[in-house]
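Read through the structure below, which is laid out as structure tokens, and then see the notes.
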Amino acid sequence: MTDTMMTNPFMPSFGRFPKIVIDQQEALTDYLTGLQTHDAKYQTSLVYGTRGAGKTVFLLNVQKSLKQLNNWCFIRLNNGQGNLLFQLLHGLQKATGTSLLDLMKSVKSVSLMGNSLSWQTLEASNLIDYDEYLSELLKRLKKQGKSVLIGIDEIEISDDVRAFGSEYQTLIGDDYDISLLMTGLPSRISEVQNDDTLTFLLRSNRVYLSPLDQASIASSYETAFKRGKRKIDYGVLDQLSRAVKGYAYAFQTIGYYAWRYSQDSLQIDDEVLAKTIQASKTDLFRNAYEKMYLDLSNTDRAFIEAMIQAKSSLVSMKQLQAILHKPINYISVYRARLLDAQLINSPQRGFVQLSLPFFAEFVEKYKQEHFA
């Protein structure tokens, strides 16, 4: 394959590991260092952020790093498939290299029931004592000198998560070498932490994925486009980089379309810029922003709409009070909610701004199309 026909290095799809990842190294190094030194603070950690902030990429980076170590086992559980404890049991069985028959012999509370025994028949018959099985497998891993990290992407509260969390807390109390890393939207993380059966998670370590750095974005774009033999208009490159506004999904989406629309001309120019921004807006609006907006409460939306009405990139708390006709303590509550959701940020005291690129345009367009 020639250089000009290189595969597009940018990957705007959710849930996949992109070829170009920037600005996660500091958070990743801090987490992996704490995990591998068995710092109690890092035993249970939560990666939180809005859609497209890079949570899944962080989890995949951790998985990739631990696979290179002989003394760690990474077991990824799928929250959407149900029965997290059964998934964990199966993962630990594979990690220990233990056959089902061998495990059955070591667990006194279950009879062998003949040659038709399988995990599926045990699960269907409700014959699995998870505490006993998991303890036995973790003992074996401990003897092998191996630690276990469980990874769960996009956590949200359910009876299954409650059962898993309770068992995990028991295993920690029994001093097994087991850790947990979960990712989720800020609102879902909050629901899980504040559930009556899972309040121990309130003490969890939080991994904050900061917005991408402007200089890193520009440098990564320049390197990728040069590798693809593109001739770069640096004024256009600056506009592409600034359009990202630090949002990881926008970085991949804008890079993807800039590469695609320059494939024939090999020029990063004004024409490519215009096509790229338009196509990127379509993807951002459809694939990320609509769901984010609909997940907000009516009051959260009113707060954001008031920011847009202010017609300023930086909006003061006094302006919001005037537009919403609400006292400052009321404004402060929803300001805190939207800061935690990473939909707004506060670059200076007393002021807020929208965090995501083109989000104001999306809100106005969505309201016109659906509420006009």
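Coordinate-derived values only; no laboratory data. This structure is a prediction, so every number in the text was calculated from the model and none was measured. Cβ sites come from the backbone with ideal geometry, for glycine too, and all protein chains shown count toward neighbours.
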Environment charge of LEU185, counting only residues whose C-beta is closer than 9 Å and scoring Lys/Arg +1, Asp/Glu -1: 0
Approximate spin-label separation ASP269-GLN368, in nm, with each point projected 7 Å along Cα-to-Cβ: 3.0
Reachable lysines, given that their alpha-carbon falls under 19 Å from the alpha-carbon of LYS229 and they are not under 8 places away in the same chain: LYS19
Most positive-pole-ward Cα, GLY145, ILE189, SER166, against dipole of region 145-196 from beta carbon charges: GLY145
Near-label residues of region 149-185 by backbone N, under 20 Å of a point 7 Å along Cα→Cβ of SER135: 163-179
Förster radius 22 Å - calculated FRET efficiency between ASP213 and LEU314, Cβ distance, rounded to 0.05: 0.60
Using a Förster distance of 22 Å, the FRET efficiency for ASP175-ASP39 (Cβ separation, nearest 0.05): 0.90
Loop trypsin sites (Lys or Arg not before Pro), region 294-372 (other Cβ atoms within 10 Å of the site Cβ: 13 or fewer; DSSP): LYS311, ARG349
Crossing angle, helix 25-36 versus the chain [Cα axis fit, 0-90 degrees, rounded to tens]: 10
Charge-dipole axis of the chain as Lys and Arg at +1 and Asp and Glu at -1 on Cβ define it, positive-most pick from SER204, LEU77, HIS325: HIS325
Packing-based ranking, highest mean first, of 224-237, 145-158 given that Cβ atoms within 10 Å are counted: 145-158, 224-237
Residue of LEU202, LEU60, LEU354 that the Gaussian network model of the chain assigns the largest fluctuation, springs spanning Cα pairs under 10 Å: LEU202
Region 325-331 - phi-based ³J(HN,Hα) in whole Hz, Karplus 6.51/-1.76/1.60, Gly and Pro as x: 6, 10, x, 5, 5, 5, 4
Inverse mean reciprocal Cα-Cα distance (Kirkwood Rh) of region 210-281, Å: 11.7
Most to least packed among 40-46, 28-34 [average Cβ atoms within 10 Å]: 40-46, 28-34
Across LYS67/LYS143; LYS55/LYS275; LYS231/LYS275, pairs whose alpha-carbon gap is larger than 26 Å: LYS55/LYS275
DSSP beta bridge pairing in the chain, given as percent antiparallel to the nearest 5: 15
For VAL47, residues with placed amide H under 5 Å, excluding near neighbours: MET182, THR183, GLY184, VAL207
Percent of Cα pairs exceeding the 25 Å cut-off, where the set is the chain: 62
Helix-derived mean residue ellipticity, 222 nm - over the chain, DSSP H n ≥ 4, -39500 (n - 2.57), to 500: -16000 deg cm²/dmol
Stokes-Einstein D (µm²/s) once Rh is taken as the Kirkwood radius of region 296-371 over alpha-carbon pairs, at 10 °C in 1.306 mPa s: 127
